[in-house]
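The values are calculated or read from the model by the stated rules, or taken from the named source; none is laboratory data. Nothing here was measured: the structure is a model prediction, and the numbers come from that model. As a convention, Cβ positions derive from the backbone with ideal geometry for all residues, glycine included, and neighbour counts pool all protein chains shown.
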Amino acid sequence: MKSLTRWIPVLALVPSLAMAWPWSKDMANQISVKPQEGPDAVRPFPENSVPMTGTPTTPYVHDGDAAMTLANPNPPTEKSVAFGREMFKIYCVPCHGDSGTGDGLVGEKLIVRPFDLTAPRVQKEVPEGYIWGHITFGGALMPSYGNDMSPSERWDVVNYVRHGLLTDPTAKKRDMTTTENK
Ligand code: HEC
(Lines give C-alpha, C1' and ligand atoms only; values in the text may rest on other atoms or scores of the structure.)
Protein backbone atom coordinates (compact mmCIF):
# COMPACT_ATOMS: atom_id res chain seq x y z
CA MET A 1 0.00 0.00 0.00
CA LYS A 2 2.77 2.32 0.93
CA SER A 3 4.46 1.99 -2.42
CA LEU A 4 1.18 2.78 -4.20
CA THR A 5 0.72 6.05 -2.30
CA ARG A 6 4.11 7.07 -3.53
CA TRP A 7 2.87 6.95 -7.12
CA ILE A 8 -0.25 9.07 -6.54
CA PRO A 9 1.40 12.44 -7.44
CA VAL A 10 2.86 10.91 -10.57
CA LEU A 11 -0.40 9.30 -11.59
CA ALA A 12 -2.20 12.58 -11.00
CA LEU A 13 0.04 14.19 -13.62
CA VAL A 14 -0.70 11.65 -16.32
CA PRO A 15 -3.91 13.29 -17.62
CA SER A 16 -2.09 16.63 -17.84
CA LEU A 17 0.68 15.14 -19.89
CA ALA A 18 -1.74 13.41 -22.20
CA MET A 19 -3.90 16.58 -22.41
CA ALA A 20 -6.71 14.30 -21.31
CA TRP A 21 -8.53 16.44 -18.83
CA PRO A 22 -12.15 17.05 -19.81
CA TRP A 23 -11.29 20.75 -20.31
CA SER A 24 -8.08 20.11 -22.22
CA LYS A 25 -9.79 20.37 -25.61
CA ASP A 26 -8.46 23.04 -27.90
CA MET A 27 -10.96 25.89 -27.98
CA ALA A 28 -10.35 26.31 -31.69
CA ASN A 29 -12.08 23.01 -32.30
CA GLN A 30 -15.67 24.06 -32.12
CA ILE A 31 -18.71 23.54 -34.25
CA SER A 32 -18.65 27.17 -35.36
CA VAL A 33 -17.96 27.95 -39.02
CA LYS A 34 -14.33 28.92 -39.44
CA PRO A 35 -13.05 31.75 -41.64
CA GLN A 36 -12.97 30.82 -45.34
CA GLU A 37 -15.06 27.74 -44.60
CA GLY A 38 -18.38 26.77 -46.11
CA PRO A 39 -19.78 27.09 -49.62
CA ASP A 40 -19.99 30.90 -49.76
CA ALA A 41 -16.98 31.75 -47.63
CA VAL A 42 -15.11 33.84 -50.20
CA ARG A 43 -17.76 36.14 -51.49
CA PRO A 44 -17.48 37.42 -55.03
CA PHE A 45 -17.07 41.19 -55.42
CA PRO A 46 -20.36 43.04 -55.71
CA GLU A 47 -21.45 43.91 -59.21
CA ASN A 48 -19.90 47.08 -60.70
CA SER A 49 -16.99 47.02 -58.22
CA VAL A 50 -14.12 49.23 -59.31
CA PRO A 51 -10.57 48.00 -58.70
CA MET A 52 -8.29 50.45 -56.94
CA THR A 53 -4.55 50.56 -56.41
CA GLY A 54 -4.62 51.60 -52.77
CA THR A 55 -4.02 54.84 -50.92
CA PRO A 56 -0.60 56.42 -51.26
CA THR A 57 1.21 56.57 -47.91
CA THR A 58 4.29 58.45 -46.81
CA PRO A 59 7.19 57.49 -49.04
CA TYR A 60 9.62 55.22 -47.31
CA VAL A 61 12.78 56.95 -46.15
CA HIS A 62 15.75 55.38 -44.43
CA ASP A 63 17.13 58.22 -42.35
CA GLY A 64 16.68 61.75 -41.12
CA ASP A 65 18.64 63.20 -44.04
CA ALA A 66 16.22 61.66 -46.52
CA ALA A 67 13.27 62.87 -44.44
CA MET A 68 14.43 66.50 -44.70
CA THR A 69 12.82 67.03 -48.08
CA LEU A 70 9.50 65.33 -47.31
CA ALA A 71 6.53 67.63 -47.54
CA ASN A 72 4.01 67.56 -44.70
CA PRO A 73 0.90 65.88 -46.16
CA ASN A 74 -1.30 67.02 -43.24
CA PRO A 75 -2.43 70.64 -43.31
CA PRO A 76 -2.18 72.21 -39.83
CA THR A 77 -5.91 72.08 -39.19
CA GLU A 78 -7.30 72.49 -35.69
CA LYS A 79 -7.94 68.74 -35.59
CA SER A 80 -4.41 67.82 -36.65
CA VAL A 81 -2.81 70.24 -34.18
CA ALA A 82 -5.08 69.00 -31.36
CA PHE A 83 -4.19 65.39 -32.08
CA GLY A 84 -0.50 66.26 -32.35
CA ARG A 85 -0.77 67.96 -28.99
CA GLU A 86 -2.17 64.78 -27.46
CA MET A 87 0.75 62.77 -28.86
CA PHE A 88 3.23 65.44 -27.75
CA LYS A 89 1.90 65.27 -24.19
CA ILE A 90 2.40 61.49 -24.20
CA TYR A 91 5.72 61.08 -26.00
CA CYS A 92 7.63 64.34 -25.88
CA VAL A 93 6.76 66.04 -22.59
CA PRO A 94 8.86 63.69 -20.39
CA CYS A 95 12.00 65.13 -21.95
CA HIS A 96 11.11 68.36 -23.73
CA GLY A 97 8.61 69.40 -21.03
CA ASP A 98 5.13 70.91 -21.46
CA SER A 99 6.87 74.08 -22.52
CA GLY A 100 8.89 72.26 -25.21
CA THR A 101 12.02 74.01 -23.96
CA GLY A 102 13.66 70.85 -22.60
CA ASP A 103 12.66 71.12 -18.94
CA GLY A 104 10.90 67.74 -18.68
CA LEU A 105 11.44 65.58 -15.63
CA VAL A 106 13.41 63.03 -17.63
CA GLY A 107 15.12 65.64 -19.77
CA GLU A 108 16.50 67.28 -16.67
CA LYS A 109 18.46 64.12 -15.88
CA LEU A 110 20.05 63.76 -19.33
CA ILE A 111 23.66 64.75 -19.91
CA VAL A 112 22.61 66.66 -23.00
CA ARG A 113 19.49 68.65 -22.28
CA PRO A 114 16.74 68.06 -24.86
CA PHE A 115 16.90 70.84 -27.40
CA ASP A 116 14.53 73.78 -27.14
CA LEU A 117 11.65 73.18 -29.55
CA THR A 118 10.46 76.77 -29.15
CA ALA A 119 13.77 78.11 -30.47
CA PRO A 120 13.71 79.89 -33.86
CA ARG A 121 15.75 76.99 -35.28
CA VAL A 122 12.96 74.44 -34.78
CA GLN A 123 10.13 76.93 -35.24
CA LYS A 124 11.32 78.56 -38.46
CA GLU A 125 14.69 77.48 -39.80
CA VAL A 126 14.66 73.71 -40.25
CA PRO A 127 12.22 72.14 -42.71
CA GLU A 128 9.24 70.32 -41.23
CA GLY A 129 10.74 67.10 -42.60
CA TYR A 130 13.64 67.58 -40.18
CA ILE A 131 11.30 67.49 -37.16
CA TRP A 132 9.42 64.52 -38.63
CA GLY A 133 12.73 62.78 -39.27
CA HIS A 134 13.89 63.44 -35.71
CA ILE A 135 10.68 61.88 -34.34
CA THR A 136 10.94 58.97 -36.77
CA PHE A 137 14.62 58.11 -36.40
CA GLY A 138 15.59 59.82 -33.15
CA GLY A 139 18.72 61.88 -32.62
CA ALA A 140 22.12 61.30 -31.08
CA LEU A 141 20.40 60.83 -27.73
CA MET A 142 16.74 61.10 -28.44
CA PRO A 143 15.00 57.77 -29.01
CA SER A 144 13.07 57.06 -32.19
CA TYR A 145 9.28 57.19 -32.07
CA GLY A 146 8.83 55.66 -35.52
CA ASN A 147 7.19 52.58 -34.06
CA ASP A 148 4.93 54.41 -31.65
CA MET A 149 3.09 56.64 -34.05
CA SER A 150 1.99 56.22 -37.65
CA PRO A 151 3.66 58.50 -40.24
CA SER A 152 0.56 60.68 -40.33
CA GLU A 153 0.42 60.94 -36.53
CA ARG A 154 4.04 62.11 -36.55
CA TRP A 155 3.13 64.86 -39.02
CA ASP A 156 0.38 65.89 -36.59
CA VAL A 157 3.05 66.22 -33.89
CA VAL A 158 5.07 68.39 -36.29
CA ASN A 159 1.96 70.53 -36.78
CA TYR A 160 1.59 70.94 -33.02
CA VAL A 161 5.26 71.87 -32.58
CA ARG A 162 5.03 74.46 -35.36
CA HIS A 163 1.46 75.72 -34.99
CA GLY A 164 0.36 75.01 -31.42
CA LEU A 165 3.23 74.84 -28.97
CA LEU A 166 3.97 78.57 -28.78
CA THR A 167 0.33 79.54 -28.22
CA ASP A 168 -0.71 76.62 -26.00
CA PRO A 169 -1.65 77.95 -22.55
CA THR A 170 -0.60 74.63 -20.96
CA ALA A 171 2.85 74.83 -22.54
CA LYS A 172 4.35 76.38 -19.42
CA LYS A 173 7.88 76.17 -18.13
CA ARG A 174 8.26 73.99 -15.09
CA ASP A 175 9.17 75.58 -11.79
CA MET A 176 12.68 74.19 -11.42
CA THR A 177 13.19 75.75 -8.02
CA THR A 178 10.93 73.28 -6.19
CA THR A 179 12.12 69.83 -5.24
CA GLU A 180 8.73 68.34 -5.95
CA ASN A 181 8.81 65.26 -8.22
CA LYS A 182 12.55 64.92 -7.89
C1 HEC B 1 14.16 60.61 -23.87
C2 HEC B 1 14.09 62.04 -24.02
C3 HEC B 1 13.43 62.61 -25.26
C4 HEC B 1 12.15 62.41 -25.70
C5 HEC B 1 11.08 61.55 -25.07
C6 HEC B 1 12.00 63.23 -26.88
N7 HEC B 1 13.17 63.90 -27.14
FE8 HEC B 1 13.49 65.19 -28.65
N9 HEC B 1 15.40 65.42 -28.08
C10 HEC B 1 15.97 64.86 -26.95
C11 HEC B 1 17.37 65.24 -26.87
C12 HEC B 1 18.35 64.83 -25.75
C13 HEC B 1 17.64 66.04 -27.99
C14 HEC B 1 18.97 66.68 -28.39
C15 HEC B 1 19.99 65.64 -28.84
C16 HEC B 1 19.47 64.76 -29.91
O17 HEC B 1 19.08 65.24 -30.98
O18 HEC B 1 19.42 63.54 -29.68
C19 HEC B 1 16.38 66.12 -28.73
C20 HEC B 1 16.24 66.82 -29.90
C21 HEC B 1 15.04 66.99 -30.57
C22 HEC B 1 14.88 67.73 -31.82
C23 HEC B 1 15.99 68.44 -32.59
C24 HEC B 1 16.00 69.89 -32.31
C25 HEC B 1 17.10 70.61 -33.00
O26 HEC B 1 17.24 71.81 -32.71
O27 HEC B 1 17.81 70.03 -33.81
C28 HEC B 1 13.56 67.68 -32.15
C29 HEC B 1 12.90 68.31 -33.36
C30 HEC B 1 12.89 66.90 -31.13
N31 HEC B 1 13.81 66.50 -30.19
C32 HEC B 1 11.54 66.65 -31.11
C33 HEC B 1 10.95 65.73 -30.25
C34 HEC B 1 9.55 65.35 -30.32
C35 HEC B 1 8.54 65.94 -31.28
C36 HEC B 1 9.36 64.39 -29.37
C37 HEC B 1 8.11 63.59 -29.09
C38 HEC B 1 7.66 62.75 -30.17
C39 HEC B 1 10.63 64.20 -28.67
N40 HEC B 1 11.56 65.03 -29.23
C41 HEC B 1 10.83 63.32 -27.63
C42 HEC B 1 15.35 64.06 -26.03
C43 HEC B 1 14.06 63.56 -26.16
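The listed residues are VAL93, VAL81, VAL106, and the only one of them that is under 23 Å from LYS173 (Cβ atoms), without any contact (Cβ under 8 Å) to a residue 12 or more places away in the chain and not polar (S, T, N, Q) turns out to be VAL93. Of ASP156, ASP148, all but one fail to be surrounded by 19 or more Cβ atoms within 10 Å (Cβ to Cβ) and within 20 Å of LYS89 (Cβ to Cβ); the exception is ASP156. The residue that is farthest from GLY139 (Cα to Cα), among those in region 98-112 that are near the ligand (Cβ under 8 Å from one of its atoms) and touching an Asp or Glu at 6+ places or on another chain (Cβ under 9 Å), is GLY104. Considering every residue within region 161-182, establish whether at least one is touching a helix residue (DSSP H, G or I) at 6+ places or on another chain (Cβ under 9 Å), surrounded by 13 or more Cβ atoms within 10 Å (Cβ to Cβ), touching a residue at least 40 places away in the same chain (Cβ under 8 Å) and of a type in the set (S, T, N, Q). No, the conditions are met nowhere in region 161-182.
Applying the condition of being small (Gly, Ala, Ser) and within 11 Å of the ligand (Cβ to nearest atom) to region 73-97 and asking which residue is modelled with the lowest pLDDT yields GLY97.
Residues that are farther than 22 Å from ASP63 by Cβ, of a type outside the set (A, V, I, L, M), more than 7 Å from the ligand (Cβ to nearest atom) and without any contact (Cβ under 8 Å) to a residue 60 or more places away in the chain do occur in region 124-137.
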